[in-house]
1. Looking at (1) within 16 Å of the ligand (Cβ to nearest atom); (2) surrounded by fewer than 14 Cβ atoms within 10 Å (Cβ to Cβ); (3) under 30 Å from ALA299 (Cβ atoms), can you tell me which one LYS223 breaks?
2. If you go through the stretch 96-108 one residue at a time, do you hit one that is within 20 Å of ILE200 (Cα to Cα) and either outside the structural domain of GLY59 (by TED's automatic domain parsing) or charged (D, E, K, R) (or both)?
3. Against the definition (of a type in the set (Gly, Ala, Ser) and in contact with a helix residue (DSSP H, G or I) (Cβ under 9 Å, 6 or more places away or on another chain)), how does SER64 come out, yes or no?
4. How many residues are free of Cβ contacts under 8 Å to residues at least 40 places away in the same chain and in a helix (DSSP H, G or I) when one looks only at the stretch 285-294?
5. Could you check the stretch 109-136 and list, in sequence order, the residues that are within 16 Å of the ligand (Cβ to nearest atom) and either among the small types (Gly, Ala, Ser) or not assigned by TED's automatic domain parsing to the domain that holds VAL149 (or both)?
6. Has the stretch 71-90 got any residue that is within 22 Å of the chain's Cα centre (by Cα), aromatic (Phe, Trp, Tyr), within 16 Å of the ligand (Cβ to nearest atom) and in a helix (DSSP H, G or I)?
7. For the condition within 16 Å of the ligand (Cβ to nearest atom), polar (S, T, N, Q) and buried (at least 23 other Cβ atoms within 10 Å of the Cβ), what is the one hit in SER199, SER183?
8. Which members of the stretch 202-213 meet the condition of being away from the ligand (no atom under 12 Å from the Cβ) and free of Cβ contacts under 8 Å to residues at least 60 places away in the same chain?
Amino acid sequence: MLVSLFICPLCQSLLQPASDTWRCDGSLNPRQTVHAFDVARQGYVNLLPVQQKKSKAPGDSQASIEARKRFLNAGHYEPLQVLIGQQMQQLLAKDKPVAEQNKKPVTWLDIGCGEGYYTQPMAQMGSEVLDILIAADISKPAVVELAKVSKVAGQLWYQQQAVAIATNRETNKTTAIYPLVTSAAHLPLRPRSVTGISSIFSPILPKAFAEVLIDEGYLIIAKPDGGHLASMRDALFDSVREHDSDKFLQELSPYFKLLDTHHVSAELSLSAEALADLMTMTPYAYRARNEKRQALLAAVEQKSFHTQAKFVVYVLQKYSAK
Ligand SMILES: C[S@@+](CC[C@H](N)C(=O)[O-])C[C@H]1O[C@@H](n2cnc3c(N)ncnc32)[C@H](O)[C@@H]1O
């Protein structure tokens, strides 16, 4: 079933997943040699070759991942997590019967997944909706974190295959996760192999996404909406520039049509610790002058800080080539 989903990041030949080492078949490599990628003990595969790295440790740092994990696991952005899950479920429920008829797996890519706050509920959907979930990020510490949690939950692809063999079933009832360190610009996926992609506060590469999506495949994008964390930004900066929420839609328009736009918000009442985590995980807050950050945190020691998180979720569909 999985033979042709992944491609080698070095020579683009077909890449065969396994529980210990993934190997490409070398067919597109002029030297015909085979590239091998070991599965790390935490359960992820690093498919980011040095030549695709623009820095030594690309993507989010361990510190920002820790801050985001504490903040998100406290449930502050749960309304967004729920909305994304609902949207995906609705889209895939329609596609699953058709995919089943064609004996094709339903496959989703969460690009820039971070440590997986929005990815984990996708994995809970089960194979009656979603067969394969590729959790991909350029940050190794983020993927390590996600892989560890998935391994404990028995959701990794090789764990699923082992259960299917042990129970003498062709497939398992649980969605199988593949945690990958990779760049959104060089996705190690066969063209037209993926049913849907989500990019949640993460890079958007219209052409690269369109290439790996099947015809009429889906794209879910989450971004901050106008007025997101407005009171925090007012406290941190002398002048506040609004988010350009939908500028990127123009770049997507040659490949995707917009199906739906959803707005969701959450009232936040934050302790000093939660506010400090929010500032660490929010790139523009990190750019604020240190004295402004310290003054805000000192004020919050006395009483909790109120602000509103506002998000916009776009649901798009790739045009059919026909
Ligand atoms: C703001 S975080 C969002 C993480 C997660 N989606 C969430 O909302 O909790 C953006 C993520 O994109 C990743 N990222 C940045 N550039 C990337 C690239 N070129 N390819 C893949 N991931 C990338 C970062 O490492 C980071 O984990």
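1. (2)
2. Looking through the stretch 96-108, none of the residues is within 20 Å of ILE200 (Cα to Cα) and either outside the structural domain of GLY59 (by TED's automatic domain parsing) or charged (D, E, K, R) (or both).
3. yes
4. 4
5. GLY112, GLY114, GLY116, ALA123, ALA135, ALA136
6. yes
7. Residue meeting the stated conditions: SER183.
8. The answer is PRO206, LYS207, GLU211.
The values are calculated or read from the model by the stated rules, or taken from the named source; none is laboratory data. Just so it is clear, the model here is predicted, and its values are computed rather than measured. Cβ coordinates were reconstructed from backbone atoms using ideal geometry, including for glycine residues, and neighbour counts include every protein chain displayed.
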